[in-house]
Amino acid sequence: MARPAPRLYLITPPQVDLDAFAATLDETLHAGDIACLQIRLKHPDGSAVDDDTICRAVARLCPLAQEHNVAVLLNDRPDLARELGCDGVHIGQNDMAYAQARALVGDQAIVGVTCHASRHLAMLAGDAGADYVAFGAFFDTTTKDTTARPSPDILTWWQEVMEPPCVAIGGISPENGAALAAAGADFLAVSSGVWQHPDGPVAAVRAFDKIFDAYR
């Protein structure tokens with residue numbers, strides 16, 4: 001059976017002006033097919049922002065995304081994800097165990113797990129019940145520090161052996177995303193490749209849509 005067409009997985013910039021970004025986000029969400037929005041806010045040094053900043057961002061952005069039928073995932077914080085009405089959470093290997101995150105958000109929420117370049121970690125997450133696993137960074141990225149650099153064949157392998165979807169992340173742009181979709185990515189997770197696209201976020205989303213058209 002043919003797999004569903006890949007889709008776009010948006011990640012917020014690490015720092016945002018809420019008023020300005022909400023307007024940009026609304027315009028961007030109209031531009032093409034977007035599966036989900038991960039709210040990921042960090043200080044410039046990569047440290048976590050305070051809970052109040054997260055709460056204000058979710059209160060402003062979550063209803064906007066959900067009006068577009070875009071699922072909203074909160075990065076790192078399953079406790080706040082459930083409290084604030086997000087659709088789920090994305091956790092890294094150093095955040096908490098999958099089982100703990102699942103217990104916090106409930107059975108109906110989405111829980112995705114970062115697995116870097118590790119097939120072993122991905123299989124553990126998939127077998128535990130994760131709704132998706134994320135591999136990366138596939139390309140150089142300024143959004144976060146990472147030493148993992150998987151090759152695209154990890155996406156092909158995953159499609160052959162496991163059922164949960166896989167997400168490709170890290171330095172992805174309309175110029176390099178097609179190869180990852182072809183290798184087996186169910187979702188392309190993108191931050192700066194959309195928000196810092198030279199022609200603007202709307203043009204970026206439309207460019208990704210052209211990649212996904214080949215699979216529809």
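Brief remarks on what is shown
- Cα-centre dipole for the stretch 175-216 with unit charges at Cβ (Lys and Arg positive, Asp and Glu negative), debye to 20: 60
- Note on the stretch 32-146: with charges restricted to the Cβ of Lys and Arg (+1) and Asp and Glu (-1), its dipole about the Cα centre is near 100 debye.
- Cα pair distances of the stretch 161-216 binned at 5 Å [whole percent]: 4, 21, 30, 24, 14, 5, 2, 1
- Signed unit charges on C-beta, dipole axis of the chain, positive-most listed residue 100, 196, 147: 147
- Each Cα pair of the stretch 7-213 feeds into the Kirkwood radius, which the Stokes-Einstein equation turns, at 4 °C and 1.567 mPa s, into a diffusion coefficient of 77 µm²/s.
- Springs between Cα atoms under 10 Å define the GNM used for the chain, and in it the highest mean-square fluctuation of 148, 20, 109 occurs at 20.
- Gyration tensor verdict on the stretch 1-105 (Cα atoms; rounded if a/c is under 1.5, prolate if a/b is larger than b/c, oblate otherwise): oblate
- Basic side chains Lys and Arg get +1 at the Cβ, acidic Asp and Glu get -1 at the Cβ, and with that the dipole of the chain about its Cα centre reaches some 340 debye.
- Volume per residue of the C-alpha convex hull in the stretch 101-216, rounded to whole Å³: 121
- Listed by Cβ neighbour count within 10 Å, with the fewest neighbours leading, 111, 167 appear as 111, 167.
- The residues neighbouring residue 80, those whose beta-carbon lies less than 12 Å from its own, together hold a net charge of -3 under the Lys/Arg +1, Asp/Glu -1 convention.
- Note that the stretch 60-154 shows a convex hull volume over its alpha carbon atoms of 119 Å³ per residue.
- Computed over the chain, relative contact order equals 21 percent, with contacts defined as Cα pairs under 8 Å that lie 6+ residues apart.
Since every read-out is calculated from the coordinates, none of them should be taken as a lab result. Being a predicted model, the structure only gives us computed values, none of them experimental. We place every Cβ from the backbone using ideal geometry, glycine too, and count neighbours over all the protein chains shown.
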